[in-house]
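Quick notes on the structure that follows.
A short reminder: the numbers here are calculations on the coordinates, not readings from a lab. None of the values given here were measured: they were computed from a predicted structure. Note that we place each Cβ from the backbone using ideal geometry, even for glycine, and neighbour counts take in every protein chain shown.
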Amino acid sequence: MSGSLAYDVAHLIGGGVLLASFLLLYQRRVAALIGVLAVQGALVALAAAWQGVVRGEAHLFATALIAFAAKGVLVPLLLQRIVARLALDRAVETALPVGASLAAGVALVALSVLVMLPATAGSAGALARVDMVLALSVLLLGVLMMATRRTAIPQVVGLIAVENGLLLGAVGIAGLPLLLELSIAALVLVLVLVAGVFALLMRTRLDSLDVTLLGRHRGEGG
Amino acid sequence: MSAALALVLLHLAGAAAMAALGAAAWARWANVALAAAGLPLALLAGPGAEGAWLSADPLARLLVPLAGFVGLTCAVYSAVTLDAERFDAARARLYHACFQAFLGANHAALLADNLGLMWVAVEAATIASVLVVAIHRTPAAIEAAWKFFVLCGVGIALALFGTLLLALAAGEATGAERLSFAALRALGAELDAGLASLAFLFLLAGYGTKAGLVPLHAWMPDAHAEGPVAVSAVLSGLLLNTALAAVLRAKAVAEGVEASVPPGALLAALGVASVLLASVALWRRRDARRLFAWSSIEQIGLAAVAFGIGAPLAGLLQMAGNALLKSAVFFAVGQAAILAGSQQIRDISGLVAARPALGWGLALAIAGVAGLPPFAVFLAEVALLFEAAARAPLLAVTVGAGLAVAGAGLLRAALRLCFGPARAEFARPVPRAVIVVLWLHLALAALCGVFAPDAVAALFARAAEVLR
């Protein structure tokens, strides 16, 4: 396969993942948020599969398959079930207006470019360089989302977006050992978190699951 | 099979067994037996074969036996005080399984020569501790666990990104070895300098979150205060050291290259911030366990300063001293809270009059944490101040002021908790095992301090050598 096509397609998929991160920041409804998250998970799986095609490494296909099954299908379905069961589908409560979040997101992408490009100027290949910029952007946008959303489900979505960014970065590094193992371990964290939210909602029925409400229970009386 | 591998497998098998049988009345003693079986393995763990994933370097040979010992005493403490936690069958199973899983993961993280394996182990330890912090399912416990999970979730994500960057810095030539610490250190200046420095930033932020370094400390006080008491001792005694050891390994790799940002100065800066914030914050605590969690932030900050300015021996003494003394403090405070029915400082007083062995033990342990002789923390703080004064006098003054403020705050708490009129509830009996583990910790902290025999001193010196 020609080098330039391999590069262009990888670039395109990576850009799609980043675009999905901006859509996550922009979404105002919880159900739509979960839909975008599923698309992002599927795109990351596609990125892994494409690297598998380019480099002919079988374990990348396994990574892609697991990522697609878990992040593209299973986790979004579970989250959707939680939302439907508890009638949580309403506007996302933000601590920062959406416009301001988007501006902050653009600033974070600029930051990733400014940080990663000089640092990778020495040795890393062109694909790895761009890939790490995209990965860091997706990671930082996920953290931004966790910081600016008040309720539990959008915070969980933010953390999964962070994991998506990590996987995008990991598949771009040629010959990374333990890729499959690391991606599975990261997935376990996400699954435990989703299971935790599920259990929490089922047991305590803190109906809004507004985590700022939990702030009252800090044990020291504020 | 090497002792290191056997140790990790023992605790993982223990976790599986406990998940099935952990509700039985004897499970708490099986938990102790598993921890006790691990201690000789922890002492035996040595350097692995070429390319082995688990291999005890001198740093691990100091920290793994320490973790094994504190794990064992925590298991004993937990066994004799478990009834006070009022667990049902499912929670007892979860608690014991998480206890063993945590020990296994913690040992694996210390012993791992592979960055990827270390990351997986730290993550597993996080999950196990989050589950236990939330175990009481009170709103306060859920709030504490949520904060712990979200902050540490971001933290370990950053650490994984740092791991990826370090693998990228090593380049493709190194093949399967590119995640091995030994191989990365051997590469030295051949690493890509920009990437290795950037990787250190991410690893510092990521594992620094787990170590409770300011400004990433917000989960610490709540997680220490809301879980079962034995878990506070485990968090302060084991998890913080493991996370700091991960930072130190990253620092050792990053120092091999011509870096644009000096790793030591960054670590020292976070350390100073931790010491200063914690020394002020611990004056305002009303909850005894939160107070001592803040004190752990201060102690880890001191260790970070020591490693940052290039005084690893002081840093290691600080880590060992805090692990031994802080868990002793939590044992005694936890027992007092069980007797008093509250962990608020105002509800606990007069322990020395009512329960001399418990009260004096707590008073000595707090004095040790505050930096009074003859314990390890005293030696560490003296050594740190001398080293700092020689290199950066202003730093010595700043850290010294923080130490004085924190020490005074801790001694004030010791006066309130241990002296004054005894409460009627304190007449109830205290399990003898609590007193035994409390004084054992004090004795060992003194052994690592002023009374250190040559063998112990050599263990510290060799560990400090690899960090220099």
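Within the protein assembly as shown, the ratio Rg/Rh, alpha carbon atoms throughout and Rh by Kirkwood, equals 0.96. Note on the range A:1-139: Cα Rg divided by 2.2 N^0.38 Å, N the number of residues, gives 1.18. When the charge dipole of the range B:272-468 is built from unit charges on Cβ atoms (+1 for Lys and Arg, -1 for Asp and Glu) and taken about the Cα centre, the candidate among B:I348, B:Q318, B:L384 whose Cα reaches farthest toward its positive end is B:I348.
Based on Cβ point charges of +1 for Lys and Arg and -1 for Asp and Glu, what charge dipole magnitude is obtained for the range B:272-468 about its Cα centre, in debye rounded to the nearest 20?
Numbers: 16 positive and 8 negative charges, 126 e Å.
Roughly 600 debye, rounded to the nearest 20.
Would you compute, from DSSP H runs of 4+ residues alone, the mean residue ellipticity of chain B at 222 nm, taking -39500 (n - 2.57) per run and dividing by the full residue count, rounded to the nearest 500? Mean residue ellipticity at 222 nm (helix-derived): -25000 deg cm²/dmol.
Given a Förster radius of 45 Å and the C-beta distance between A:A95 and A:R55 as r, what FRET efficiency does 1/(1 + (r/R0)^6) yield to the nearest 0.05? FRET efficiency, A:A95 to A:R55: 0.60.
On average, how many beta carbons from a partner chain sit within 10 Å of the beta carbon of a residue in B:148-159? Can you show the working numbers first?
Working: counts 0, 8, 9, 1, 1, 12, 8, 0, 5, 10, 5, 0.
Per-residue shielding by partner chains comes out at 5.
Using Cβ point charges alone (K and R +1, D and E -1), the dipole size of chain B about the Cα centre works out to roughly 1440 debye.
Excluding same-chain neighbours fewer than eight residues apart, the lysines reachable from B:K147 by a Cα-Cα span under 17 Å are B:K210. If R0 is 41 Å, the Cβ-Cβ spacing of B:V382 and B:A36 corresponds to a FRET efficiency of close to 0.75.
Charge dipole (Cα centre; +1 on Lys/Arg Cβ, -1 on Asp/Glu Cβ; no other charges) of the protein assembly as shown amounts to roughly 1960 debye.
For a modelled paramagnetic label at B:A90, 7 Å from Cα along Cα-to-Cβ, the residues of the range B:120-159 in reach, with backbone nitrogen under 14 Å, are B:135-138.
In sequence order, the range A:31-47 has phi-based couplings of 5, 5, 4, 5, x, 5, 4, 4, 4, 4, x, 5, 5, 5, 4, 4, 4 Hz under the Karplus curve 6.51 cos²θ - 1.76 cosθ + 1.60, θ = phi - 60°, and Gly or Pro positions carry x. Residues B:C448, B:C98, ranked from the fewest to the most other C-beta atoms within 10 Å, line up as B:C98, B:C448.
Kirkwood analysis of chain B, using all unique Cα-Cα pairs, places the hydrodynamic radius at 21.8 Å.
Our coupling estimate for the range A:20-28, obtained by passing each phi through the Karplus curve with A = 6.51, B = -1.76, C = 1.60 and θ = phi - 60°, is 4, 4, 5, 4, 4, 5, 7, 4, 9 Hz, Gly and Pro reported as x.
Seen from A:L167, the other residues with C-beta closer than 13 Å to its C-beta sum to a net charge of -2, counting Lys and Arg as +1 and Asp and Glu as -1.
Taking the charge dipole of the protein assembly as shown about its Cα centre, with +1 at Lys and Arg Cβ atoms and -1 at Asp and Glu Cβ atoms, the residue from A:G165, B:T81, B:L467 reaching farthest to the positive side is B:T81. Each peptide in B:339-352, A:95-108, A:41-54 was scored by the mean count of other Cβ atoms within 10 Å over its residues; highest first, the order is A:41-54, B:339-352, A:95-108.
In the range B:172-247, a dipole from Cβ-located charges (positive for Lys and Arg, negative for Asp and Glu) runs towards its positive end, and of B:G206, B:S232, B:A189 it is B:S232 whose Cα lies farthest in that direction. The modelled label-to-label distance between B:R468 and A:L12, using points 7 Å beyond Cα along the C-beta direction, is 5.8 nm. Of the peptides A:142-151, B:270-279, B:318-327, the order by per-residue mean of other Cβ atoms within 10 Å, starting with the highest, comes out as B:318-327, B:270-279, A:142-151. The mean count of C-beta atoms from other chains within 10 Å of the C-beta of residues in A:191-197, rounded to a whole number, is 3. For the range B:272-468, the orientation-averaged shadow of the C-alpha convex hull comes to 10.2 nm² (one quarter of the hull surface).
Close amide H partners of A:R29, meaning residues 5 or more places away or on another chain with modelled amide H under 5 Å apart, are A:V92.
Averaged over the residues of A:179-185, the number of partner chain Cβ atoms lying within 10 Å of the residue Cβ comes to 4.
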